[in-house]
């Protein structure tokens with residue numbers, strides 16, 4: 001059976017000029033998918049007309065409205081019921097698609113997805129989870145900004161969801177899960193982190209304790225769980241440093257004729273280096289904790305980036321991530337209720 | 001009059017092998033300083049004997065104890081009254097030195113410095129402030145980990161102290177001050193940040209509003225104020241990314257004979273690039289809000305790094321940073337009390 005992926009074709013800084021060709025790339029790479037492009041039908045058709053593709057594998061679904069990048073979540077929820085984002089999510093809700101991919105406004109996507117698709121029973125707050133490069137491979141980090149002011153219980157759930165995702169998509173049977181903190185000592189950090197630390201020690205999650213900001217990139221942790229504020233600060237600061245470094249690298253190699261000649265010589269080396277840390281390879285954040293699969297692409301994604309977000313959606317469908325999370329949460333809730341009962345009996 | 005700088009010679013991962021030669025470098029670079037090396041006298045003398053230096057400009061002050069990198073602040077405070085760290089701080093308290101530099105345990109240094117030197121009246125919590133490279137120069141960020149769970153008032157004080165420091169050491173009359181948050185909209189972030197935002201809008205500080213993690217490195221902000229937890233996460237994540245990038249850059253240039261040849265060609269280019277983002281240039285964090293000058297060097301500092309921490313100490317003595325902060329805080333407190341009075345009268 002084909003995997004149907006609903007694409008919010010209007011989302012992101014570049015809209016159709018990115019989402020449409022990236023969708024065609026995905027069709028060409030994966031023979032098992034079908035794409036539904038959701039958005040202004042005439043504009044989508046005009047963009048499609050520029051490309052060669054198998055028309056039997058693409059459906060266009062018209063949507064009158066577009067959620068703008070600066071729309072408040074509340075506005076997107078109440079006043080944009082005919083938006084490409086909302087209709088793409090509705091397709092997933094109605095089982096006409098198995099996943100939705102959007103490069104639109106993050107806050108709006110989370111709010112609308114939560115409203116339309118609902119959270120998995122036992123999960124209080126869905127989290128945004130992305131993978132990031134490390135010195136030894138990659139790491140999943142969540143939450144990246146959906147939830148500010150989490151409880152220990154929330155953080156524990158993020159750890160669980162990240163662990164399940166990593167098990168599934170990386171075929172990693174025992175992901176090492178860390179909690180982001182500012183020291184490895186038990187006394188450091190916010191109360192919520194200490195609470196989560198205690199909770200995690202009582203689960204079957206392969207919890208390795210506190211990790212610090214620099215540990216994210218060392219490759220000794222597979223999942224880093226954190227409050228959305230902390231995750232967002234870590235992610236954005238990392239992006240900032242990486243951009244600054246690449247700025248100075250470029251500056252050094254374009255200074256004069258000699259350095260430009262060196263750059264030409266070094267081109268294959270710099271290219272192989274760049275491929276290791278290329279953020280476009282890691283595009284496609286999962287909205288974990290929803291009953292269905294929603295992938296958030298970076299707003300500024302180019303064709304290659306957005307293609308990777310679609311690949312992530314396909315992989316999560318194949319691995320059936322929401323059901324795996326749901327199953328693990330059930331086990332945990334069952335265990336917690338048994339513990340509570342035995343406490344009451346004691 | 002000579003500036004006397006007390007060096008905790010035993011502190012840091014490399015101890016005397018770094019602190020002593022870096023101190024001699026500082027004497028050679030700055031004709032206006034005198035150095036007091038505090039620590040195990042025989043060991044210091046043995047290290048000094050390896051170098052050429054003007055013995056009239058170095059004093060050795062014996063200290064029996066050493067604060068270890070994993071000592072709890074409470075232990076350093078109560079059980080290590082004869083430590084090199086404590087005695088160096090005592091010299092500053094007793095006006096025998098104008099500044100102290102230590103590469104020792106950060107938590108211990110902050111606790112002991114606060115106890116020995118006291119905070120400036122009106123400042124609730126001293127903060128750790130470092131400068132970091134940006135695409136256009138550098139930025140001062142504080143707090144970096146001394147204070148977790150700040151109030152809006154604390155953050156406002158950090159902004160004020162960072163602004164005063166930047167005015168003084170960068171000769172920048174109107175430093176642009178931002179508050180670290182996860183979005184530029186007024187509704188985002190923790191309550192403490194919203195509180196600080198309101199407070200800052202009522203001061204004479206050149207407050208430019210919320211900034212995000214990546215803004216730290218863009219060069220459009222001169223001071224970034226934040227809770228110690230958030231600052232630490234940003235700093236450590238940044239360090240982690242920078243190390244990962246440098247790891248992959250090295251890997252790409254050392255892969256085979258061809259890439260090694262290219263590296264040889266590219267050496268001057270890579271060197272000029274590296275000098276732009278060299279963290280050693282930025283070593284020397286200020287413990288702002290104390291009545292005297294204390295500079296924290298990175299524990300792993302090498303000779304060049306530690307030299308830069310000493311330079312920072314000298315500059316802050318010349319600019320008289322604690323007195324400038326004290327004066328600005330007085331103005332602010334005066335203004336607040338006048339406002340309160342006028343509210344009561346109204």
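Starting from residues that are more than 8 Å from chain B (Cβ to nearest Cβ) and either in a helix (DSSP H, G or I) or in contact (Cβ under 8 Å) with a residue 60 or more places away in the chain (or both), keep the ones in segment A:244-267 and report whichever is surrounded by the fewest Cβ atoms within 10 Å (Cβ to Cβ). Taking the candidates together, the pick is A:257.
To keep it simple, each residue is scored yes or no on (1) surrounded by fewer than 22 Cβ atoms within 10 Å (Cβ to Cβ); (2) farther than 19 Å from residue A:327 by Cβ; (3) under 13 Å from the mean Cα position of the chain (by Cα).
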{"position": "A:147", "(1), (2), (3)": "no, yes, no"}
{"position": "A:169", "(1), (2), (3)": "yes, no, yes"}
{"position": "A:178", "(1), (2), (3)": "no, yes, no"}
{"position": "A:183", "(1), (2), (3)": "yes, yes, no"}
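Inside segment A:276-294, residues that are over 29 Å from residue A:117 (Cα atoms) and more than 9 Å from chain B (Cβ to nearest Cβ) make up a count of 1.
I'm trying to understand the selection: among the residues of segment B:103-127, which are surrounded by fewer than 21 Cβ atoms within 10 Å (Cβ to Cβ), more than 16 Å from the chain's Cα centre (by Cα) and in a helix (DSSP H, G or I)? Matches in segment B:103-127: B:115 only. In this entry, residue B:69 is excluded by the filter for residues that are out of contact with any helix residue (DSSP H, G or I) (no Cβ under 6 Å at 6 or more places or on another chain) and either outside the structural domain of residue B:12 (by TED's automatic domain parsing) or crowded, with 21+ Cβ neighbours inside 10 Å (or both).
Screening residue B:100 against (1) buried (at least 16 other Cβ atoms within 10 Å of the Cβ); (2) at pLDDT 95 or above; (3) outside any strand (DSSP E or B) leaves a single unmet condition, (3). For segment B:188-243, the candidate set comprises residues that are at the interface with chain A (Cβ under 8 Å from one of its Cβ atoms) and over 22 Å from the mean Cα position of the chain (by Cα); within that set, the residue that is surrounded by the fewest Cβ atoms within 10 Å (Cβ to Cβ) is B:188. Of the residues A:343, A:335, A:274, the single one that is in the same structural domain as residue A:167 (by TED's automatic domain parsing) and part of a helix (DSSP H, G or I) is A:274.
If only residues of segment B:204-237 that are in a strand (DSSP E or B) and out of contact with any helix residue (DSSP H, G or I) (no Cβ under 9 Å at 6 or more places or on another chain) are counted, the one that is nearest to residue B:107 (Cα to Cα) is B:211.
Looking at this structure, is residue A:24 in a helix (DSSP H, G or I), surrounded by 15 or more Cβ atoms within 10 Å (Cβ to Cβ) and not assigned by TED's automatic domain parsing to the domain that holds residue A:146? Answer is yes for this residue. Of everything in segment B:72-97 that is in contact with a helix residue (DSSP H, G or I) (Cβ under 7 Å, 6 or more places away or on another chain) and closer than 16 Å to residue B:5 by Cβ, the residue that is surrounded by the most Cβ atoms within 10 Å (Cβ to Cβ) is B:85. Hey, does segment B:41-60 have a residue that's part of a loop (DSSP other than H, G, I, E, B), surrounded by 18 or more Cβ atoms within 10 Å (Cβ to Cβ) and touching a strand residue (DSSP E or B) at 6+ places or on another chain (Cβ under 8 Å)? Within segment B:41-60, none of the residues are part of a loop (DSSP other than H, G, I, E, B), surrounded by 18 or more Cβ atoms within 10 Å (Cβ to Cβ) and touching a strand residue (DSSP E or B) at 6+ places or on another chain (Cβ under 8 Å). Taken together, the residues in segment B:278-296 that are closer than 17 Å to residue B:161 by Cα and assigned to a helix (DSSP H, G or I) amount to 0.
Residues that are under 18 Å from the mean Cα position of the chain (by Cα) and surrounded by 23 or more Cβ atoms within 10 Å (Cβ to Cβ) within segment B:1-17 comprise B:5, B:6, B:7, B:8, B:9, B:11, B:12, listed in sequence order.
Residues of segment B:107-121 include none that is within 11 Å of chain A (Cβ to nearest Cβ), at pLDDT below 95 and out of contact with any helix residue (DSSP H, G or I) (no Cβ under 6 Å at 6 or more places or on another chain).
The values are calculated or read from the model by the stated rules, or taken from the named source; none is laboratory data. Quick caveat, the model's predicted, so the values are computed rather than measured. Glycine also receives a Cβ, built like all others from the backbone with ideal geometry; neighbour counts cover every protein chain displayed.
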